[in-house]
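Below is one structure, written out as structure tokens, with a few remarks after it.
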């Protein structure tokens, strides 16, 4: 699966044998309640990390909430129930660092024609993750 990547990352994803990295953003908006970027879930064997480039992200790890801002890195080892969202009205940009397995899960998730809970849960299970 070795792929070589060199160039601007904005809006793209780079995948190698051991990790994948993508630059993502959330434009912000309503702040009265969380606008989850990902549903609450857990990976059984994959690490995941976020490096915040601009703005802030709020995380919930095993029920404990915290925020990270520009220049900060957040790591999630396997087994941690987690979700995250942009807590502010402004834009947030971040790098998502993940395994190729998680990258494939995200691709499959974005291609789902029907995102009902049962379908999404089955997809997560197929990639060694659990929708909570």
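Every number in this text was worked out from the coordinates using simple rules, so none of it is lab data. Since this is a predicted model, take the numbers as computed values, not measurements. Every residue, glycine as well, gets a Cβ built from its backbone with ideal geometry; the counts of neighbours run over all protein chains shown.
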Item to check | Förster-model FRET efficiency, 22 Å R0, residue 49 and residue 125, C-beta, rounded to 0.05 | outcome: 0.45
Checklist entry - Where is the GNM fluctuation largest for the chain (alpha-carbon springs, 10 angstrom cutoff): 45, 117, 56? => result 117
Next on the checklist: For region 80-132, compute Rg over Rh where Rg is the Cα radius of gyration and Rh is the Kirkwood radius from the inverse mean 1/r over Cα pairs.
Outcome noted: 1.00
Checklist outcome for this item: So the FRET efficiency between residue 17 and residue 75, C-beta based with R0 = 22 Å and rounded to 0.05, is 0.65
Item to check | Values of log10 I(q)/I(0), in the order q = 0.15, 0.16, 0.35 Å⁻¹, for region 33-74 under a Debye, Cα-only, solvent-free model | outcome: -0.41, -0.46, -1.30
Checklist entry - For the chain, what is the mean residue ellipticity at 222 nm derived from helices alone (per DSSP H run of n ≥ 4: -39500 (n - 2.57); sum divided by total residues; nearest 500 deg cm²/dmol)? => result -5000 deg cm²/dmol
Next on the checklist: Once you place label points 7 Å from the Cα toward the Cβ at residue 111 and residue 66, how far apart are they in nm?
Outcome noted: 3.6
Checklist entry - What's log10 of I(q)/I(0) for the chain at q = 0.15, 0.20 Å⁻¹, Debye sum over Cα points only, no solvent? => result -0.74, -1.33
Checklist entry - When the chain is treated as a GNM, springs tying every alpha-carbon pair under 10 Å, which of 42, 115, 91 comes out with the largest mean-square fluctuation? => result 115
Checklist entry - Hey, in the GNM for the chain with a 10 angstrom Cα cutoff, which one of 89, 113, 34 fluctuates hardest? => result 113
